[in-house]
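What follows is one structure encoded as structure tokens, with my remarks underneath.
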Amino acid sequence: MKKAIYICIGVTAMVLGTIGTVLPGLPTTPFLLLALLCFTKGSEKLNCWFRGTSLYAKYVKHYESDRSLTRKQKLTIQAAAGLMMLVSFVLTENPVIRLLLVAAFLLHNYVFIFVIKTRQADMSETNIKELAGDKYEL
């Protein structure tokens, strides 16, 4: 039963991530990272398939290998999340919810600025393989 739930969440996350590649404001990388996590826990077959897709290669592979994102990826994710939090902040009157949104915004930006490394956009495939140790070569 747990595996089926992971697969359902993974497929949903992958669909949202795919839509995010063409729809501005919908972040791609976080949804594809969630899909990878769910496929890893839910199905070895889906995990191998997902790792062979161009979506994985373009948006997730670099992050998985060295836990870094490009400046563009970080800014896109921060802008989309910040916009959603701002809309929620403006639409709610509840001061507790507003306080939680401010805390989430601050934590989110702290993580993206100080925890997640920023890598150069032109990092070569050779460097990625060296960092990953070729552990996911298909």
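The values are calculated or read from the model by the stated rules, or taken from the named source; none is laboratory data. All values reported here derive from a predicted model rather than from experimental measurement. Because the Cβ atoms are built from the backbone with ideal geometry, glycine has one as well, and the counts that use them run over all protein chains shown.
For the structure I just gave you, tell me whether LEU36 is at pLDDT 85 or above, closer than 20 Å to HIS108 by Cα and in a helix (DSSP H, G or I). In short, no. Taken as a whole, the structure places PRO24 among residues that are within 17 Å of GLN78 (Cβ to Cβ) and either among the acidic types (Asp, Glu) or exposed (fewer than 14 other Cβ atoms within 10 Å of the Cβ) (or both).
Of the residues making up region 42-70, just one is without any contact (Cβ under 8 Å) to a residue 12 or more places away in the chain, within 20 Å of ARG119 (Cβ to Cβ) and basic (Lys, Arg), namely LYS58. Please work out which residue is surrounded by the fewest Cβ atoms within 10 Å (Cβ to Cβ), limiting yourself to region 50-68 and to residues that are charged (D, E, K, R) and assigned to a helix (DSSP H, G or I). Ranking the candidates gives LYS58 first. Taken together, the criteria place LYS74 among residues that are over 30 Å from LYS3 (Cα atoms) and either at pLDDT 90 or above or among the charged types (D, E, K, R) (or both).
Filtered by the rule that a residue be surrounded by 17 or more Cβ atoms within 10 Å (Cβ to Cβ) and either out of contact with any helix residue (DSSP H, G or I) (no Cβ under 9 Å at 6 or more places or on another chain) or among the charged types (D, E, K, R) (or both), region 69-88 gives a lone residue, LYS74. Looking at PHE114, PHE50, just one residue is modelled with pLDDT of 90 or more, under 21 Å from the mean Cα position of the chain (by Cα) and more than 29 Å from LYS3 (Cα to Cα), and that residue is PHE114. Look at region 77-95: where a residue is under 27 Å from ILE116 (Cβ atoms) and a partner is outside any helix (DSSP H, G or I) and of a type outside the set (Phe, Trp, Tyr), sitting 6+ places away or on another chain with Cβ atoms under 8 Å, you get ILE77/PRO27; ILE77/LEU69; ALA80/GLY25; ALA80/LEU26; ALA80/PRO27; ALA81/PRO27; LEU83/GLY25. For region 85-95, the condition holds for at least one residue, the condition being that it is closer than 18 Å to PHE31 by Cβ and more than 13 Å from the chain's Cα centre (by Cα).
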